[in-house]
Every structure is written in C-alpha cells, then in structure tokens.
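Engineer: Structure incoming, see below.
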Amino acid sequence: MTGTLFVVATPLGNLGDLSPRAADTLRQVAVVAAEDTRRTKRLLNHIDARPRLKSLPAFAEADRAEAVLAELDKGLDVALVTDAGTPGVSDPGTRLVALARARDIMVVPIPGPSAVATALSASGLPADRYLFLGFPPRKGSSRRALLDTVATSPWTVVLYESPNRLVALLHDLGAALGGDRAAVVGRELTKLHEEIVAGTLDELEARFADASVRGEVTVVVAGRRQAAAQPDLAEVTKAAEALIGEGLPTKDIVRRLTENWGLSRNEGYRLVMRLS
C-alpha cells in the first residue's frame, strides 16, 4: 500500500495558530516535504517533531516531486508544508498533489491558516463571494489584464504583493479602478508587527508612499458597485394608480413607491403628481 499525502497548513507567523491536528500529523509522518527546510525545521523543533525533511521549493517542484512520490510509493506517509499558510495557494504543492491523485495516492488536507481568509475576515468587505488573484504580474499586457479584471469584478478581490512593490500596485489600482475605491492592506498578519489599514486606494497609496514596508502583504479591494436595476415604469405606474385609487395621502404613496420599487422621493412625487 502507498502512503498518505497530508497537505498541512502552517502558521502565517504566530506559532500558536498551528492546530493540534496539524502538530500531531507532523509528529507522526515519516517525511515532510517543505518549501524551505530551514524554516520548517524551526517549526518542527517547536513541536518536538522528528520526520525526515525533503526540499520542495517552488522553482524545483517539477524536478523533485518524483522523489517525494517515491517515499509515498514505499508506503511512507508524507506531510506537504510551505513556509506559511496553505500549500498550493500561491505556494508550491499543486503539482505534487496532482501527481499523487493521478497515482491514486490518498491526499488528506489538514486545514488551517491562510492569508486570504485572514485578511478577508478583518477587512470589513463582503466575503460571501470573492476573487483571489495571487501575485499580480509586474508589467506589460498581463498586468493590464489583471487590473481590468479587478476593476470589473463585482466581488471583493484579494491580491498578494511583495512589500517593495506595494505602492506601485496601489497606484496602478487607483488609476484603473478610481482612487476612491475602498481597500484594505494587511501586513505581517498574525505577527508581532501586524498592521491592517483600511481606506481608499488613494489614501492607502499616500499612507505607504514614504513608509518602509516590510513582510508579506495582502491587499483586499472592494468589488465594483452594481448599478441599481431600473424598475419597470409600467409596473410602477400601475402600482401608483392603485394607491391613488385607495385615497392614500400623497406622502404615503411616495413612501410605498420608494420602499417597494426603489424610486427616489423626487421620482415618486413627480409620478404621483403626474397621475393625479
């Protein structure tokens, strides 16, 4: 029998966020495939775990995945971890998981920290639907295409960015979306110097323009406001005529039209006066 591949989410910064289930898994597996073995070694030491480490960085995942699969083929359980957060979410791991599934190797997720969910939860922006776009391209048509996607998205958008490119991203977002679009910048999430700043894109660009930004950055951008649907004029007119026929005072008719049909007070009054 082959081993099981556990996909283990690890803390963004605060080691207290490692779940008991994740800690138990890391203690029990024979091998841990890690994005950076040095960083993962510190985490393993913290929980007194002693698995063998295998390096699986993003730039070499394609070449080294087979070595990890060989461990699984021997019947050994393997935990996949990245430097922080959930593997495969703008981190290495997708290729390894896909190859394991293609070989009918059991893949078990051990959920936990994710910068996407963490930033959304503290943003105050709608998160019932959202669009995650990861790290934006640095320049060219691909960057313009991404900015267009953000500008037209009706849903909240989440982006990752490196600290030295944050201001340029905020500037380009402001140019494409309008500087008054609401957004939130989360920096060093869950760490000692955590900072979560809300404002418009223009305000955030000004806030960070002269700042020395450090650590991982997550940017959350409000979705495009949807234009209110125009009520059907014939239906509204019919409703207004019925209310007038009931002999209701004009102010009550207007109130019902604004509440039930989305008319402004001025539009309601004009319609009632015209029909009267």
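Engineer: Would you calculate, for the chain, the mean residue ellipticity at 222 nm contributed by helices, counting each DSSP H stretch of 4 or more residues as -39,500 (n - 2.57) and dividing by all residues, to the nearest 500?
Structural biologist: On the way: 11 runs with 120 residues, N = 276.
Helix contribution divided over all residues of the chain: -13000 deg cm²/dmol.
Engineer: Going by a ≥ b ≥ c, the root eigenvalues of the Cα gyration tensor, does region 233-275 fall in the rounded group (a/c under 1.5), the prolate group (a/b larger than b/c) or the oblate group? Walk me through the numbers before you get to the answer.
Structural biologist: Numbers: a/c = 1.35, a/b = 1.15, b/c = 1.17.
Cα axes put region 233-275 in the rounded bin.
Engineer: Shifting gears a bit: Under the rule a/c < 1.5 gives rounded, and otherwise a/b versus b/c splits prolate from oblate, where does the chain land using the Cα gyration tensor? Numbers along the way, then the final one.
Structural biologist: On the way: a/c = 3.01, a/b = 2.26, b/c = 1.33.
Because a/c hits 1.5 or more and a/b exceeds b/c, the chain counts as prolate.
Engineer: Fully extended, how many nm does the chain gain between R52 and H171 (0.36 nm per residue separation, minus their Cα-Cα distance)?
Structural biologist: Values: separation 119, 0.36 × 119 = 42.84 nm, distance 4.51 nm.
My answer for the length gained is 38.3 nm.
Engineer: Also, quick follow-up: Where the centroid of each part is defined by its Cα atoms, how far is region 41-103 from region 238-276 in Å?
Structural biologist: Between the Cα centre of region 41-103 and that of region 238-276, the gap is 66 Å.
Engineer: How high is the relative contact order of the chain, given as a whole-number percent (alpha carbon pairs under 8 Å, six or more residues apart)?
Structural biologist: Working: 481 pairs, mean separation 46.3, N = 276.
Here the relative contact order equals 17 percent.
Engineer: Cross-link candidates for K54: which lysines have Cα within less than 28 Å, leaving aside residues fewer than 8 places away along the same chain?
Structural biologist: Straight-distance partners of K54: K41, K74, K191.
Engineer: Just subtract the alpha-carbon distance of D148 and S264 from 0.36 nm times their residue separation and send over the number in nm, one decimal. The partial results should precede the final answer.
Structural biologist: On the way: separation 116, 0.36 × 116 = 41.76 nm, distance 3.20 nm.
Gain on extension, D148 to S264, equals 38.6 nm.
Engineer: Could I ask something else about it? If you take the beta carbon distance between A70 and K41 as r and set R0 to 22 Å, what does 1/(1 + (r/R0)^6) give as a FRET efficiency, to the nearest 0.05? Working shown, then result.
Structural biologist: Numbers: r = 22 Å, r/R0 = 0.99.
So the FRET efficiency works out to roughly 0.50.
Engineer: Can you tell me the length gained on complete extension of the stretch L275 to E194, counting 0.36 nm per residue apart and subtracting the Cα distance?
Structural biologist: Values: separation 81, 0.36 × 81 = 29.16 nm, distance 6.01 nm.
Contour length minus Cα-Cα distance gives 23.2 nm.
Engineer: Evaluate the relative contact order of region 234-276 (contact order divided by residue number), counting alpha-carbon pairs under 8 angstrom at least 6 apart; express in whole percent. Walk me through the intermediate numbers first.
Structural biologist: Details: 27 pairs, mean separation 17.5, N = 43.
The normalised contact order for region 234-276 reaches 41 percent.
Engineer: May I ask for the longest run of the chain untouched by trypsin sites (Lys or Arg not before Pro) that are loop-located per DSSP and have at most 16 neighbouring C-beta atoms (other than their own) within 10 Å?
Structural biologist: 1-73
Read the figures in this text as sums done on the coordinates, not as results from a lab. The structure displayed is predicted, hence computed values, not measured ones. Because the Cβ atoms are built from the backbone with ideal geometry, glycine has one as well, and the counts that use them run over all protein chains shown.
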